[in-house]
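The values are calculated or read from the model by the stated rules, or taken from the named source; none is laboratory data. Because the structure is a prediction, the values reported are computed rather than measured. With ideal geometry, Cβ positions are generated from the backbone for all residues, glycine too; neighbour counts draw on all protein chains shown.
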Amino acid sequence: MAPQIHTDQNQRLRAVIAFGLLGLGLIAVGILQSWNSAFGVLNLCMISAVMALGLNVQWGYAGLFNAGVMAFAAIGGLTAVLVSHPPVVEAWQAGGTYLIGSLAALIATILLIRSVRPRLPEGRIRFWGTVLITITAYVIIRSLFREGAGLVEAVNPAKTGFLGGLGLPIITSWIIAGFVAGGLAWAIGKISLGLRSDYLAIATLGIAEIVIAVIKFEDWLARGVKNVTGLSRPVPYEIDLQESDSFIGWVRWWYQDTLSASDNSVKLLNELVISSSSIFVKLCYSGILLAALIILLTLANRAARSPWGRMMRAIRDNEHAASAMGKDVVYRHRQAFIVGSAIVGIGGAMLTTIDGQFTPSSYNPLRFTFIIWVMVIVGGSGNNLGSILGGAIIWFTWVQAEPAAQFVMQNIAGFLPEESALADHLSDIAPHMRLFTMGLVLLLVMRFAPRGILAERR
């Protein structure tokens, strides 16, 4: 037992040191930049931690190489729009009937094929009968869909041009996003799971690009690249706080010493109210995100310690042995794929919630696939707390690498002549230092902690 106790103590010490350094980094951002920026980074760190936790369920538990994380984050963001945005009545009146008709025709086609195919004799008659039904249905569905989509997108395209959503509180979209992303994962899993790891990565990457393309170019769904803005919020609006007498009174009490020493206390109070309202809103978001993160971490840890979690790790370590013991490897892989994708979808809905807008053009593999993978690798694959730590550390590094590089380059350039080509070069490369920093962090971790900062307990 002694080696295990020693390992546990080292893990706890590493976790305390790593989270402590991260906290000091956030405090430094608050002091050197602004507390508004610090809490904004903290919120995005927690959302990144949620996405890393979802990927860890897939890779850390089951060994699934999912290169399409971006698709599930985007589906989560889309779900937030479809749940929270109020319905556009004019668009429904203009083209809703056609779109519903196309959906009904699609469902009827599927049911018809399932009913007719078994009754047709095997061979050419069954094949050509299926082809005939499919082509006829495609023509009908396509005509209904194109007519309906065109009418919807023509309704005030500068502001709407889409069907809208259900008008529900946006916080409910987090749960619904998990189910929607899990449903998409089930469909993808039926197609691609069972493939070798490299083929699975290619398949998920390609499907992710298809999902993003559909979201970008189907304006009737969520305005495409024109973006959806003004989504509802689960926290107060800054302007409402700035007009609230109670909030102004609280700010006046909190900064009473500063205001009493000022020559223009009225102007200073207005500035403090504006900055404090933004910080208060971010603090509200921090509380909600932290509660959701704790719930997801607790559930993930319970799953990891359960017989299901031990079985998944056994399948990950030796699929052939697990299959010989009677385990349905593909079915279990599909379970882990669905659960992990659902968590990523929740993270995507969280991101859209705090942004207050849905921007499909922002979903790219670098931000929503590659960096999430780096988070899991750096934090510790197979360790839920390590994935959360990696998510927070990597996002903090990603955000702060550029301003830190600019600060360093400016100080170096201060010692050079004004017309120095080297000074201009240093200024130009500063924005690109975040990629160099990410690569350096990954190399250092892989060299000195190959299993991550918080390695999986064996």
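Can you find a residue in the stretch 418-437 that is among the basic types (Lys, Arg) and surrounded by fewer than 16 Cβ atoms within 10 Å (Cβ to Cβ)? Scanning the stretch 418-437 turns up no residue that is among the basic types (Lys, Arg) and surrounded by fewer than 16 Cβ atoms within 10 Å (Cβ to Cβ). The set of residues from the stretch 63-101 being buried (at least 24 other Cβ atoms within 10 Å of the Cβ), out of contact with any Asp or Glu (no Cβ under 9 Å at 6 or more places or on another chain) and among the small types (Gly, Ala, Ser) comprises 73, 74, 76, 80, 84. Residues that are touching a strand residue (DSSP E or B) at 6+ places or on another chain (Cβ under 7 Å) and either among the aliphatic types (A, V, I, L, M) or not assigned by TED's automatic domain parsing to the domain that holds residue 64 (or both) within the stretch 296-338 comprise just one, 330. Screening the candidates 187, 181 for the property of being in a helix (DSSP H, G or I) and touching a residue at least 40 places away in the same chain (Cβ under 8 Å) yields one hit, 181. Among residues of the stretch 396-420 that are more than 30 Å from residue 48 (Cβ to Cβ), those with a beta-carbon under 8 Å from a residue that is in a helix (DSSP H, G or I) and not aliphatic (A, V, I, L, M) at least six positions away or on a different chain give the pairs 413/427.
Pairing each residue of the stretch 296-315 that is without any contact (Cβ under 8 Å) to a residue 40 or more places away in the chain with any residue that is of a type in the set (D, E, K, R), provided the two are 6+ apart or on different chains, yields C-beta distances under 9 Å for 308/332; 311/327; 311/332; 314/327. The set of residues in the stretch 398-427 being in contact with a helix residue (DSSP H, G or I) (Cβ under 9 Å, 6 or more places away or on another chain) and of a type in the set (D, E, K, R) consists of 402, 424. Reported count of residues in the stretch 187-206, each being surrounded by fewer than 16 Cβ atoms within 10 Å (Cβ to Cβ), under 20 Å from the mean Cα position of the chain (by Cα) and of a type outside the set (A, V, I, L, M), is 1. Would you confirm whether or not the stretch 140-147 contains a residue that is more than 34 Å from the chain's Cα centre (by Cα) and farther than 30 Å from residue 167 by Cβ? Among the residues of the stretch 140-147, at least one is more than 34 Å from the chain's Cα centre (by Cα) and farther than 30 Å from residue 167 by Cβ, which makes the answer yes. Kindly evaluate residue 267 against the criterion of being outside any loop (DSSP other than H, G, I, E, B), of a type in the set (Lys, Arg) and modelled with pLDDT under 95. So residue 267 fits the description; yes.
For (1) free of Cβ contacts under 8 Å to residues at least 12 places away in the same chain; (2) part of a helix (DSSP H, G or I), each residue gets a yes or a no:
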| residue | (1), (2) |
| --- | --- |
| 17 | yes, yes |
| 31 | yes, yes |
| 42 | no, yes |
| 54 | no, yes |
| 60 | no, yes |
| 66 | no, no |
| 76 | no, yes |
| 106 | no, yes |
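Beta carbons closer than 8 Å, at least 6 apart along the sequence or on distinct chains, pair a first residue in the stretch 431-458 that is under 20 Å from residue 12 (Cα atoms) and in contact (Cβ under 8 Å) with a residue 60 or more places away in the chain with a second that is among the acidic types (Asp, Glu) and assigned to a helix (DSSP H, G or I) for 457/8. Exactly one residue out of 40, 76, 63, 68 is modelled with pLDDT of 95 or more and not assigned by TED's automatic domain parsing to the domain that holds residue 151: that is 76. Here is the figure for the stretch 255-264: residues that are polar (S, T, N, Q) and either in a helix (DSSP H, G or I) or surrounded by 17 or more Cβ atoms within 10 Å (Cβ to Cβ) (or both) total 3. Scanning the stretch 370-394 for residues that are polar (S, T, N, Q) and either surrounded by 24 or more Cβ atoms within 10 Å (Cβ to Cβ) or at pLDDT 95 or above (or both), we see that the one that is farthest from residue 304 (Cα to Cα) is 387. Going through the stretch 76-96 one residue at a time, which ones are more than 18 Å from residue 157 (Cα to Cα) and touching a Leu at 6+ places or on another chain (Cβ under 9 Å)? Result: 76, 77, 78, 80, 83, 84.
Here is a yes/no grid of residues against (1) touching a helix residue (DSSP H, G or I) at 6+ places or on another chain (Cβ under 9 Å); (2) loosely packed, with under 14 Cβ neighbours inside 10 Å:
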residue: 225; (1), (2): yes, yes
residue: 245; (1), (2): no, yes
residue: 248; (1), (2): yes, no
residue: 267; (1), (2): no, yes
residue: 280; (1), (2): yes, no
residue: 292; (1), (2): yes, no
residue: 305; (1), (2): no, yes
residue: 311; (1), (2): yes, no
